[in-house]
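Novice: Submitted below is the structure of interest, expressed as structure tokens.
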Amino acid sequence: MSISVETFFLDPSAEGTLQARIQQMVAQGILNGRFRPGERLPSSRKMATHLGVSRITVTLAYTELVADDYLTSRGRSGFFVSDNAPEPPAFPAQRFHTGTVDWNRAIGQRFTPGLSLDKPADWADYRYPFIYGQADKTLFDAANWRLCALRALGMRDFKALTSDYYDADDPQLVDFIARQTLPRRGILANTDEILVTMGAQNALWLTAQVLLNSRRRAAIEDPCYPALRTILTQSRCQLSMVPVDTDGLPPDDLPAETDVVFTTPSHQCPTAATMPLTRRKALLDKAEAEDFLIVEDDYEFEMSFLKAPSPSLKSLDQNGRVIYVGSFSKSLFPGLRLGYLVGPAPFIREARALRATVLRHPPGHIQRTASYYLSLGHYDALIRRMSKAYHQRRQVMEEALHANGLQIAGQGTYGGSSIWLRAPLGTDTTVLAERLRKHGVLIEPGAPFFAADDPPKRYMRIAYSSIPSERIADGISLIARAIQDNDF
């Protein structure tokens, strides 16, 4: 790799000869880690022209750096950072200019802390990754995704690749969502009632921004997806937490004068409870009687391998009160960040305008690649493969949990990819998670899902989406053994 000559600047306040200053400039770049062993420096001619000095001055500086083993010369190939160059210090380098801004006063709104769920980047290196929402490379169809991406790069799709849609979306992807994806949930929608988003979380944020303000009240499930709670807190709306039961959100417990209800009826997050049909109808009736809207997050409907899923709230809605949130990121891979909103045209129009002011639209190439992957049948094949694997893994996990005496707290009716557990009294699953990491086990403590300042500490979520069946029983045994040690 070559180091760009544009990264070099002489400090006008530095003392010494030009040669010494050039030596110092290069040496500091190596010492602070900007330049790494094996990287090639600009030629003496380029460097001299860039800095406005004579070439011999640069050559002499390079020669001195070779003598000090900062650089090495490779004949006509040029000068390179030496493999024996001094290594950068292990501690972060001090910045020369710390600034005089009082950031405690300068920041007008605070958005920290953000997500409180801890998902280590190296999760795949753990032997027992009971971690939610990560792609399993043994199941994902990388070859066909690659072919679809290459097809989307072709000249036939040059417009889709390079166009600025401004506030529009790839018509090919929107058409597939309207004609194929939504009808599977019993939803019929026109193209002006669909908006492609950067994942479900972006869809939830857009919805909150359009529907809520400081005078309006939102109701959410407790426990719930922590990022949703953060989104609604940042919207400055009045916020009510409604405890869920074994059937999900109880409509009768919604507070009076609620304006918007956010719910995950098919697979309640994180308990996986499934809202029965009678309760879904009761929620819709209450929304009509009390004049509030419902935001349905149907984030995992494809993973209904135990039996066919219940009808979506949106499909039962006769009065335009349900806004539907879907995502391809859970079923394809989380880094895709591709979801969609479905709602009445007036709402979608405002959400589209807001999206345009923030990010205009999701990348056209990603949208077109996804549309090919979906329309060519690869997506359906992937879902069948994932459902079969998840079904097998869930059976193994339930047997292991039963054999080890661990208690399932939330039983999904239709499938999903995780199980909500309740540990014995006195167990702190945050401490448990830290200890299990040392044994190669990753779990998700349940505390971040709850709204209370002192949330219950005995819950945890364990997923089977990214762990092979043959490792599940041993991993569950390690969890049970750590709980039995009862040192929390």
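Novice: Check the straight Cα-Cα distances from residue 457 and name the lysines below 30 Å, setting aside those fewer than 8 residues away within the same chain.
Specialist: Answer for residue 457, where 30 Å is the Cα cut-off: 119, 330, 438, listed by chain and number.
Novice: In nm, to one decimal, how far is the modelled label at residue 484 from the one at residue 257, with both set 7 Å along Cα→Cβ?
Specialist: A separation of 5.5 nm, rounded to one decimal place.
Novice: Next question. Please arrange 398, 15 by counting, for each residue, the other beta carbons lying within 10 Å of its beta carbon, fewest first. Don't jump to the answer; show the numbers that get you there.
Specialist: Numbers: 398 16, 15 8.
Least to most surrounded, the residues fall as 15, 398.
Novice: Follow-up. What shape does segment 309-361 take by its C-alpha gyration tensor, where a ≥ b ≥ c are the square roots of the eigenvalues and a/c under 1.5 counts as rounded, a/b above b/c as prolate, and the rest as oblate?
Specialist: oblate
Novice: Zone of residue 156 (label point 7 Å along Cα→Cβ, backbone N under 20 Å): which residues in segment 367-383?
Specialist: Those under the cut-off are 367-380.
Novice: If I take every Cα pair under 8 Å that is 6 or more residues apart in the chain, average their sequence separation and divide by the length, what percent do I get for the relative contact order?
Specialist: Values: 836 pairs, mean separation 85.8, N = 488.
Relative contact order comes out at 18 percent.
Novice: In segment 142-376, what percentage of the DSSP-assigned beta bridges are antiparallel, given to the nearest 5? Let's see the in-between values first.
Specialist: Working: 9 of 26 bridges.
Close to 35 percent.
Novice: Can you work out the PRE-style zone for residue 87? Point 7 Å along Cα to Cβ, and I want the residues of segment 19-58 with backbone N under 16 Å.
Specialist: The answer is 30-38, whose backbone nitrogens lie closer than 16 Å to the label point.
Novice: Further, regarding this structure: For a quick check of your reading of the filter: which trypsin sites (Lys or Arg not before Pro) in segment 267-327 sit in a DSSP loop and have no more than 16 other Cβ atoms within 10 Å?
Specialist: Details: sites: 279, 280, 281, 286, 307, 314, 321; in loops: 307, 321.
Filter output for segment 267-327: 307.
Novice: Separate question: Can you sort 393, 105 so the residue with the fewest Cβ neighbours within 10 Å comes first?
Specialist: 105, 393
Novice: Specify the angular offset, from 0 to 90 degrees and rounded to the nearest 10, of the alpha carbon long axis of helix 364-375 from the longest principal axis of the alpha carbons in the chain.
Specialist: 40 degrees
Novice: Taking only Cα atoms, what is the 0 to 90° angle, nearest 10, from helix 199-211's long axis to the longest principal axis of the chain?
Specialist: Orientation of helix 199-211: about 70 degrees from the principal axis.
Novice: Can you give the angle from 0 to 90° between the axis of helix 55-67 and the longest principal axis of the chain, with both taken from C-alpha atoms, to the nearest 10?
Specialist: Approximately 70 degrees, to the nearest 10.
Novice: Expressed in nm to one decimal, what extension gain is obtained for the pair residue 184 and residue 381 from 0.36 nm per residue of sequence separation less their Cα-Cα distance?
Specialist: Details: separation 197, 0.36 × 197 = 70.92 nm, distance 1.54 nm.
Stretched fully, the residue 184-residue 381 segment lengthens by 69.4 nm.
Novice: Another question, then. Going highest first, how would you order 39-49, 256-266, 376-386 by mean Cβ packing within 10 Å? Working shown, then result.
Specialist: Details: 39-49: 17.5, 256-266: 21.9, 376-386: 15.6.
Packing proxy ranking, top to bottom: 256-266, 39-49, 376-386.
Novice: Order the peptides 425-437, 155-167, 184-196 from the highest to the lowest mean number of other Cβ atoms within 10 Å of their residues.
Specialist: Working: 425-437: 16.1, 155-167: 12.5, 184-196: 18.5.
Packing order, densest peptide first, comes out as 184-196, 425-437, 155-167.
Novice: Assuming a ≥ b ≥ c are the square roots of the Cα gyration tensor eigenvalues, decide whether segment 1-71 counts as rounded (a/c under 1.5), prolate (otherwise, with a/b larger than b/c) or oblate.
Specialist: Working: a/c = 1.32, a/b = 1.22, b/c = 1.08.
Rounded shape, in that the Cα axes give a/c under 1.5.
Novice: Could you point to the label whose value was computed as Cα extents along the principal axes in Å for the structure here, given [x] 77, 63, 39; [y] 84, 45, 41; [z] 85, 58, 51?
Specialist: [z]
Novice: Here is a follow-up. Rounded to the nearest 0.05, what FRET efficiency do residue 425 and residue 357 have when you use their Cβ-Cβ distance and R0 = 51 Å?
Specialist: Numbers: r = 50 Å, r/R0 = 0.98.
E between residue 425 and residue 357, to the nearest 0.05, is 0.55.
Read the figures in this text as sums done on the coordinates, not as results from a lab. Not measured: the values here are computed from a predicted model. Positions of Cβ are backbone-derived with ideal geometry, glycine not excepted, and every protein chain shown enters the neighbour counts.
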